[in-house]
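*Asks:* Have a look at the structure that comes next, please.
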Amino acid sequence: MKNILHLFRIEKFTEGFIEFMKSRETYNNIFWVYGDDYLYDKCKSTYLQKINVKYYPRIDIELNKSSTEKQMEKFDLIIYHGVFEQCIIDYFFLHRVLMKKLALYFWGGDKNLHGNWKNKMRKKYVVKNAAAIITIIPQDYEDIKREYHPKGRYFRAKYFDGKVLKVFNMKPDRSYEEDRVINIQIGNSATETNNHIDVLNVLKKYKDKKVKIYLPLSYGNMEYAEKVIEYGKKIFDDKLIVLREFMTLEKYCLHIQKMDIGIFNMTRQQGLGNIYLLMQNGCKIYFNQNGLLWNHFVGDLKCVIKRIDEIDRMTFEQFTEFSEKDKQKNRELISTIFSGENLMREWENIFQYFN
């Protein structure tokens, strides 16, 4: 049986992926989960107590132990999910023999170089010499190729959560009265890359219409979040709804089912879970046309997406209208992408490459 180690920070999708991998009895998947005290407190999940999961509040401390390398040598494959932590990059730089079994799974925001010259040099070395590179969308890999010139094999893979599939199979319970309030979601988190204020300015001309503006700001940079809230309240007053609390998946899906429009003004790849759910729900989606999401969803997947820069020229009716034909096209595309069989096939390709 192939032994696979996953180095995985706590995220909203961590539990779903662990459950997904549990069904693959031909592989012994072990998870070293680390970090984020905030999400650890919010999740309050028992999955961190499972026999194949070890939780480390400080992964750097574990990596400094002399016994860690011997543990890692026992695995046939090591997948580092989210290439953010400098301490993990440093570890593989100093233990280069492990890189022949190392796969780096980039999430988008982690592909850039940060820190001093030594940190940048070490990350460049590890990415260039890792056995495999994994991304969610191909455009991220193009950026990685230009920056790092990786030698390893390239794979694409996505995360899976069975609970999400159940939501995908539900028919949205929504009202379509002519005079109802239009619910609009901007972005996915309290990070500057969402460019919330630019979107709020674009939507300002609709402030007297029957709209509600929803801002998911439960995690990220809280100082930035407060600036966005203060700015948005001046324009939309009580029409601005701030989602400050971390929600369970089930509760968040109930929120998604109320939405009509999603606007994502980032140029990097992020917020995919939100976007998939909104599209499955039949929402009209607007992207920054200069971003990777536009290239992926419009260029690769052929989804029906609108550009944010078009909104300036739109009446409110043009801004909100979205045909049932286009809604159904997007639903079918997303459902195909997120079939359990398709997602497992992507991961099987990775596992089988490391014999």
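Nothing in this text is a laboratory measurement; each read-out follows from the coordinates by a stated rule. Because the structure is predicted, anything quoted here is derived from the model rather than measured. Here the Cβ is made from the backbone with ideal geometry for all residues, glycine too, and neighbour counts use every protein chain on show.
*Asks:* When the helix-only estimate is applied to the chain (DSSP H runs of n ≥ 4, each -39,500 (n - 2.57), divided by the residue count), what is the mean residue ellipticity at 222 nm, nearest 500 deg cm²/dmol? Each step should come with its number before you reach the end.
*Replies:* Working: 15 runs with 140 residues, N = 355.
It lands at -11500 deg cm²/dmol.
*Asks:* Would you mind checking the radius of gyration and Dmax of the stretch 11-161 based on alpha-carbon positions, in Å?
*Replies:* Considering the stretch 11-161 through its Cα atoms, Rg and Dmax are 15.4, 43 Å.
*Asks:* Would you mind putting 14-24, 252-262 in packing order, based on average other-beta-carbon counts within 10 Å, highest first?
*Replies:* Answer by packing, highest mean first, reads 252-262, 14-24.
*Asks:* Check the straight Cα-Cα distances from residue 204 and name the lysines below 24 Å, setting aside those fewer than 8 residues away within the same chain.
*Replies:* Correct list for residue 204: 212, 227, 233, 234, 239, 258, 284, 306.
*Asks:* Which percentage, to the nearest 5, of the DSSP beta bridges contained in the chain is antiparallel?
*Replies:* Details: 0 of 46 bridges.
Approximately 0 percent, going by the DSSP bridge assignments.
*Asks:* Which whole-angstrom value gives the distance between the alpha carbon centres of the stretch 211-242 and the stretch 58-89?
*Replies:* 38 Å
*Asks:* Continuing with this model, one more query. Which of the lysines could a cross-linker bridge to residue 120, judged by Cα under 23 Å and excluding same-chain residues fewer than eight apart?
*Replies:* Straight-distance partners of residue 120: 100, 101, 111, 128, 145, 151.
*Asks:* Read phi for every residue in the stretch 301-312 and hand back ³J(HN,Hα) as whole Hz from Karplus 6.51 cos²θ - 1.76 cosθ + 1.60, θ = phi - 60°, with x for Gly and Pro.
*Replies:* 8, 6, 6, 8, 10, 10, 8, 4, 5, 7, 4, 4
*Asks:* Still on this structure: Express the relative contact order of the stretch 164-337 as a whole percentage, based on alpha carbon pairs under 8 Å and six or more residues apart in sequence.
*Replies:* 23 percent
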